[in-house]
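Notes to accompany the following structure.
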Amino acid sequence: MKARLGDIDFIKGIMIFLMVCFHINVGALSNITEWVYSFHMPVFLFYSGYFISTSKPLKDRAYMLFRTLVVPFIIFEVIYISMLYLAGQMGFKFSNRIEFLDLSVLAYRVFIKPIGAYWYLHTLIVSMIVIYIVDYFRVKNPTTKIIIIGLICYGLTFLIQGIKFENELFFVLGYFFKIFAYDIYASILSLACLALIFIFGDTNVASASSLGTSFFMVSFLKYIFSISGNSIVARIFQYLGKNTLIIVMLHPIFLNVFKLGEKYFLKIDSTLIVYSILNTTFTICLSLLASYIFDKIRLSGLLFGKPIYIPYKTES
């Protein structure tokens, strides 16, 4: 097994924490939600493209994609859609709603336009399939390969409603960095650039500001890791970064369950900051616990084709 990169796990851990926290999107934290959205998922997509496997035979890669991503994505998206529909029938109201459910609605939400955070997995799967198809035709020139992949991804935005080119762009950029062996380097100066973009930039993911924010955020967090990589906080975020898949899969379900308690917190904290932090913490902890249990009862093998829980290490 390849050695993990501590700084990347650290960054992914912070991004997954932000993803869960700002998917709650209530109270005082909602004021900066759009800014956080401008970089947290773009960073995930960038590193998804950067770390896509290219060394194994294409047949093996395609099988692993199917078992470790496609199958669990379909299972958990169906569970989430069914939960939203049942909750709506019981009178509960969430930000995502399913008013009517049959096989056509289910197929549309799984394959065309996923609901909730599962759009990320949908985009990831489609992007990887595009790269595998291009690999099948053995395009040798790296520049030509990137151009073809980019054009196909752009074309898919007109065919698949849930695919957005700005999301595909970050994935393709990550793959571009991989092919040409580029990297984003740690720098404290990135903090000044982030401040300028925060004040004067655009929060739209499709903007140049989002691209700059994402890259400078990675650079700044790499710097933070370089000076605190052995601290307990850094190790906790590395731990989260190693277990992002199960958190992505399960957090929409747990967030909606905990959302039922929002009105009670509102009576004692109008900012809902405490609620957001507690909801985020419990959601992540339950997702990790579920991952651990899945491994123990060997359910991971059925869902993901392999064990998925990576334990916390006291040393980085």
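The values are calculated or read from the model by the stated rules, or taken from the named source; none is laboratory data. Just so it is clear, the structure is predicted and the values come from calculations on it, not from any experiment. Here Cβ is always computed from backbone atoms with ideal geometry, including for glycine, and neighbour counts include all displayed protein chains.
Some points to look at:
- Matching residues in region 236-277 - criterion: being among the hydrophobic types (A, V, I, L, M, F, W, C), surrounded by fewer than 14 Cβ atoms within 10 Å (Cβ to Cβ), part of a helix (DSSP H, G or I) and free of Cβ contacts under 8 Å to residues at least 60 places away in the same chain: VAL274
- Considering region 295-312, and only residues there that are touching a residue at least 40 places away in the same chain (Cβ under 8 Å) and in a helix (DSSP H, G or I), the residue that is surrounded by the most Cβ atoms within 10 Å (Cβ to Cβ) turns out to be PHE304.
- The one condition from (1) surrounded by 14 or more Cβ atoms within 10 Å (Cβ to Cβ); (2) in the same structural domain as ILE32 (by TED's automatic domain parsing); (3) under 19 Å from the mean Cα position of the chain (by Cα) that SER207 does not meet is (3).
Okay, residues lined up against (1) farther than 25 Å from VAL126 by Cα; (2) surrounded by 13 or more Cβ atoms within 10 Å (Cβ to Cβ); (3) without any contact (Cβ under 8 Å) to a residue 40 or more places away in the chain; (4) not β-branched (Val, Ile, Thr):
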residue: THR143; (1), (2), (3), (4): no, no, yes, no
residue: PHE176; (1), (2), (3), (4): no, yes, no, yes
residue: ALA186; (1), (2), (3), (4): yes, yes, no, yes
residue: SER214; (1), (2), (3), (4): no, yes, no, yes
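- Evaluation of ILE152 against the conditions (1) closer than 30 Å to SER55 by Cα; (2) β-branched (Val, Ile, Thr); (3) modelled with pLDDT under 95 shows that the sole unmet condition is (3).
- Filter pass, VAL26 being more than 24 Å from PHE177 (Cα to Cα), out of contact with any strand residue (DSSP E or B) (no Cβ under 6 Å at 6 or more places or on another chain) and buried (at least 23 other Cβ atoms within 10 Å of the Cβ): no
- Among residues of region 49-78 that are over 11 Å from LEU303 (Cβ atoms), those with a beta-carbon under 8 Å from a residue that is of a type in the set (A, V, I, L, M) and not in a helix (DSSP H, G or I) at least six positions away or on a different chain give the pairs GLU77/ILE115.
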